[in-house]
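The values are calculated or read from the model by the stated rules, or taken from the named source; none is laboratory data. This is a predicted model, so every value here is computed, not measured. Glycine also receives a Cβ, built like all others from the backbone with ideal geometry; neighbour counts cover every protein chain displayed.
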Amino acid sequence: MHDSNKSQILLKISARTKKPEGAKEYWSVMTYYERFEQIVLVILSFIISLVILFALLQLVINVYSIFVAGILNPMDYKVFQVIFGMIMTLLIAMEFKHSIIKVLERQSHIIQVKAIILLALLALARKFIIINLEMVEPFKIIALSLSVLVLGAVYWLLDQKDKENKSLN
C-alpha cells in the first residue's frame, strides 16, 4: 500500500476516534455527508446560542422588573414558577447545545439517547415547576408522573449499561 494512502486511512480513522484539534484539521478526510453534518451542527449550535442569549436576556429583564416593581413576594409561588420555569428552559437549551457540541468536537458520533432522555426529564421537571395545580386534571398529573418514572428507569438502565461496558474495557 502506498504510504500516502496508508497515512490518509490512518488520519481518517483517527478523525473518527480521537478528539480533534479542530474540524479544519479533518475537513479534507471527511466525506461530503460528514461535512454536511458538521455545517448543520454549526448552524444549529449558533441558533441555539442565540435562543439561549435571548432567553437569558428575557430572564434578566423579568427578574429586574420584579425587583423594581417590588412584587417579589416569597409567599407568591406564581412568581417563582415563572422565574424557575425560565431558568429550567435555559438549562434545557444549554444541555441541548452541549449535546450538539459533543458531536461537533467528535467526542460522539451521534446525539446520545441518554442526552435526549435527560432533556426530556428536564422538560418534565420544568412542567412540574410551572404547572398550575388548580387548573390541571388529575389524569394529566398521573400521566406526567408516569412519564418521569419511565424515562428515569430508561435513563438508569442506559447508565447501568454504560457502567457495565466501561468495566469490561
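Test Val82 against the criterion of being β-branched (Val, Ile, Thr), assigned to a helix (DSSP H, G or I), farther than 27 Å from Lys161 by Cβ and at pLDDT below 85, and give yes or no. Here the answer is yes, as Val82 does meet what is asked.
Would region 143-151 turn up any residue that is more than 27 Å from Tyr77 (Cα to Cα) and β-branched (Val, Ile, Thr)? Scanning region 143-151, I find at least one residue that is more than 27 Å from Tyr77 (Cα to Cα) and β-branched (Val, Ile, Thr), so the answer is yes. Residues considered: Ser145, Ser99. Of these, the only one that is hydroxyl-bearing (Ser, Thr, Tyr) and either in contact with a Cys (Cβ under 6 Å, 6 or more places away or on another chain) or closer than 20 Å to Val40 by Cβ (or both) is Ser99. Is at least one residue of region 106-121 more than 14 Å from the chain's Cα centre (by Cα) and surrounded by 13 or more Cβ atoms within 10 Å (Cβ to Cβ)? Yes, region 106-121 has at least one match. The criterion of being under 17 Å from the mean Cα position of the chain (by Cα) and either farther than 23 Å from Ile39 by Cβ or not small (Gly, Ala, Ser) (or both) does not hold for Val136.
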